[in-house]
Amino acid sequence: MTDHSVLIYTILAAAVATYITRIAGYVLITRLSHIPPRLEAALSAVPAAVLSALVAPHFIYAGVDVTIALLVALAIGFRLPTLWLLLIAWAGVMGLRYFGV
C-alpha cells in the first residue's frame, strides 16, 4: 500500500465512523418516547461546550488583541439581550482590530 492509499482509507474510515455516530444518536433520540431530564440537560449543555472549545484556544494563545476583542464581545453579550447586537459589536471590534485603530 502506498502512503496515499493509507491516507484515503483513513479519511474514509473517519467519515464512516462520524456518519455512524451521528445517525446512531438521531435514531436513539427518535426511538425514545420520553427524554429523561438528565439526557435533556446534557444535550442542552452541548452548544456551550462546543463554543467554549472553539473560543478558548484563541482566548489563550492568539494574542492580547484577540483576548481584548473576546472580552469586549463577552461583556457586550452579557449586557445586551439579543444575539444580533453581540454579533454587530463583535464585527465592530474585529474591524477596529483589522484596520489598526
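Every number here is computed from the coordinates shown, using simple stated rules; none is lab data. All values derive from a computational prediction rather than experimental measurement. All Cβ positions, even for glycine, are placed from backbone atoms using ideal geometry, and neighbour counts span all protein chains on display.
On the stretch given as the range 69-86, residues that are surrounded by fewer than 13 Cβ atoms within 10 Å (Cβ to Cβ) and among the aliphatic types (A, V, I, L, M) total 3. Can you name every residue in the range 34-88 that is over 18 Å from residue 98 (Cβ atoms) and polar (S, T, N, Q)? Within the range 34-88, 44, 52, 82 meet the criteria.
Inside the range 30-83, can you point out the residues that are part of a helix (DSSP H, G or I), among the polar types (S, T, N, Q) and closer than 21 Å to residue 95 by Cβ? Residue satisfying the conditions is 67 alone.
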